[in-house]
Structure formats: structure tokens, C-alpha cells
Amino acid sequence: MDVEQPASSEPRAPRSGLDRDALLHPDFLAAAGISQLKIVETTGSTNADLLRAVTTEPKEWSDLAVLTAEHQTAGRGRLDRHWESPARSAISVSIVLRPVNTQGLPVPTQSYSWLSLLGALALRETLLETAGLPAEIKWPNDVLVRGRKIAGILAQMGQLGQVSDGSVPAVILGTGLNVTLAEDELPVPTATSLLLEGATTTDRTLLLQNYLSRFAALYRSFCNADGDPAAGLAGGSSLHKRVEAAMVTLGREVKAHLPGDHELVGHASRLDEYGSLLVVDHGGREHVVTAGDVVHLRTTESGYA
């Protein structure tokens, strides 16, 4: 979303760049299981760049290859929304995923719907344990802090028709995290940043390293379980249970904006085996919401607002 930002009355302090030596250090890449990591100063969209790259150079971009940008000028969110953050104020990162199990067999494609939720879970844990923030997941792929959006995650499928060498088709998982944005730099009034929320750190390098490490560990465990969201994950409970426990949407009255300009109001009860949201309308009928925007409603004396 493009929003004209008001001029600040005070000059901005210079923002530090990512620590390239730390991010590209072989020990970090090996420990995290990252196949390669590329850092660019500026680009339109890291997701768009990787979608092109896995089509034109599929062998150069293997599973868990990473692209991150200091400045993303045309970030894409759900429903083709676009936004731009000031340079070095956010984490803009995309990851190539080619999900296979320990035997090298492809994970069932019906499990791919969990990948953005897996990313949201990894980012939530990073914010909790690295930045000290009470992060929660909003269905389908946002991360909130105290009810305000601090990050968004978008998974996009590569072109199936372009895969002719027997390799697993790629999914590109993009993550945008607001780190040092000031109030007047936020894309929308309902957004926030680590700086505004009083995080214990706004070190983008540290945050990115922790996120990538956590995501890779959860992702490998998920793939090794053949993409089964009900299987135990990385030494703990299942992905399904972890996401439901962290999801602030569940148990709430919600309005779902569905494809085709339809709306559904009801109680968000649970996630199904595909990560879809189950909403019970006021007539008691359960609906499966697989796509669309969801708004959390608050109770008022006159109904919902």
C-alpha cells in the first residue's frame, strides 16, 4: 500500500546496514542449513526476483537459498498490495523452498499451504525470544504485536510448467518485518515496528540470523515428516498445535472478505488439516475459509465495530 508520509520535524539518525560478514560467514550458513545467501542494496521485490531466478536459473537457486535487500521499493503483499519502507528500516527477505523429505522425495503439494504459517511461527518465536515482544499470529500470514501488524509473510508458487529437469518446483517465501520505522513512516496506522514497541534489540542482522535459523530448523522437521502438520515438529508439538496456540484470530468474532466480493461474519473456531480457517456463522453453519482478508471484530454495545 502506498501512503504519502508526512515530513519529519527532526532529522533521522543514520540506519546501519546489515553485517554482511556475519550473514555470509560459512559457519552461520552451515549451522542454519542455508544453501546460499545473497544481499542486494536495493530491489523492487525480493519475491519477484526469486520467482524470476528459479525460472531462468533453477539449478543456481536450490532449497533454502536466500535473497535479502537493504531497501525494497515495490514489496508485494496479499491481494497484490504494494508498499515501500525507508532504506535499512526493515527486514525484506525471501527464501527458495523445494520441499523434500529425508529420502529426497517431494513433500505433497497440499502441505504447501502451511509454509507461510510455518514462517509466521518462526518469526513469532524470533520476536519473543530475541526481541522480547509478545508476538502473535493473525490468519493467514501476519504477525502482530499488541494488535498491530509488525510483519507480513507471502508464499508464492513458481511456474510448474517450467520444471523439466525433475527438480522439485519452488515456493518463494517472502517476509517483511518493520524494524526501525517511526510512527510517521508506517505504511498504515494499524502497523507498528520493533522500535515503536520497545524491543530489546533492533539489530537487523541478529534478527535475520535468528529468523533464518529458526525457520530452517522447523522447515526441515516439517519436510522430514512429509509435510504432516499433525506430526511432532523439531522436538516439540506439531505445527498445527503450535500455530493454533499462537494464533490470535481463533476464538474471535471475525469478518472474512472472500474472493468475489463476498463477506462472512462469524466465530473463528479452528484450523483444518490444510491450515484453512474454520468460521461458524451466526446460523451455526461452519465455513472453510481458504483465502481472503480477515478482520478481527470487537464487541460494542451496538454490535461489532
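When the dipole is taken about the Cα centre of region 114-193, and only Lys, Arg (+1) and Asp, Glu (-1) are charged at their Cβ, what size is it in debye, to the nearest 20? Numbers along the way, then the final one.
Details: 5 positive and 8 negative charges, 41 e Å.
Dipole magnitude for region 114-193 comes out near 200 debye.
Expressed as a whole percentage, what fraction of the accessible surface of the chain belongs to carbon and sulfur atoms when a 1.4 Å probe is rolled over the protein heavy atoms?
C and S fraction of accessible area: 50 percent.
Could you provide, to the nearest whole Å², the per residue accessible area of the chain with probe 1.4 Å?
46 Å²
Beyond 16 Å, what percent of the Cα pairs of region 177-251 remain?
Percent of Cα pairs beyond 16 Å in region 177-251: 64.
Dipole size in debye (nearest 20) for region 182-305 around its Cα centre, Lys and Arg Cβ +1, Asp and Glu Cβ -1? Show your work: numbers first, answer last.
On the way: 10 positive and 17 negative charges, 96 e Å.
Here the size comes out at about 460 debye.
How would you rank 227-240, 111-124, highest first, on the average number of other Cβ atoms within 10 Å across their residues?
111-124, 227-240
Starting with the highest mean, order 28-40, 251-263, 57-69, 139-151 by the number of other Cβ atoms within 10 Å, averaged over the residues of each peptide.
Per-residue Cβ counts within 10 Å, averaged per peptide and sorted highest first, yield 139-151, 57-69, 28-40, 251-263.
Find which of Thr249, Tyr219, Gly198 sits farthest along the positive direction of the dipole of region 159-273, computed with +1 on the beta-carbon of Lys and Arg, -1 on that of Asp and Glu, about the Cα centre.
Sorting the options by dipole projection puts first Tyr219.
Sum -39500 (n - 2.57) across every DSSP H segment of at least 4 residues in the chain, then divide by the residue count to get the 222 nm mean residue ellipticity, nearest 500.
Result for the chain, helices only: -6500 deg cm²/dmol.
If you consider only alpha-carbon coordinates, what radius of gyration and Dmax does the chain have, in Å?
Gyration radius and largest Cα-Cα distance of the chain: 19.2, 61 Å.
Using a simple charge model, +1 on the beta-carbon of Lys and Arg, -1 on the beta-carbon of Asp and Glu, nothing else, what dipole does the chain show about its Cα centre, in debye to the nearest 20? Each step should come with its number before you reach the end.
On the way: 26 positive and 36 negative charges, 70 e Å.
In debye, rounded to 20, the chain gives about 340.
With each pseudo-label sitting 7 Å past Cα toward Cβ, what's the Asp19-Ser62 distance in nm, one decimal?
Here the answer is 2.7 nm between the modelled labels.
Report the Cα centroid-to-centroid distance between region 93-119 and region 212-251 in angstrom, as an integer.
Taking the Cα centre of region 212-251 as reference, the centre of region 93-119 is 12 Å away.
The values are calculated or read from the model by the stated rules, or taken from the named source; none is laboratory data. Small disclaimer: the values here were computed from a predicted structure and weren't measured. A quick note on method: Cβ atoms are made from the backbone with ideal geometry, for glycine too, and the neighbour counts reach across all protein chains shown. Surface areas here come from the heavy atoms of the whole protein model, side chains and all, with no ligands, DNA or RNA. Shrake-Rupley method; radii C 1.70, N 1.55, O 1.52, S 1.80 Å.
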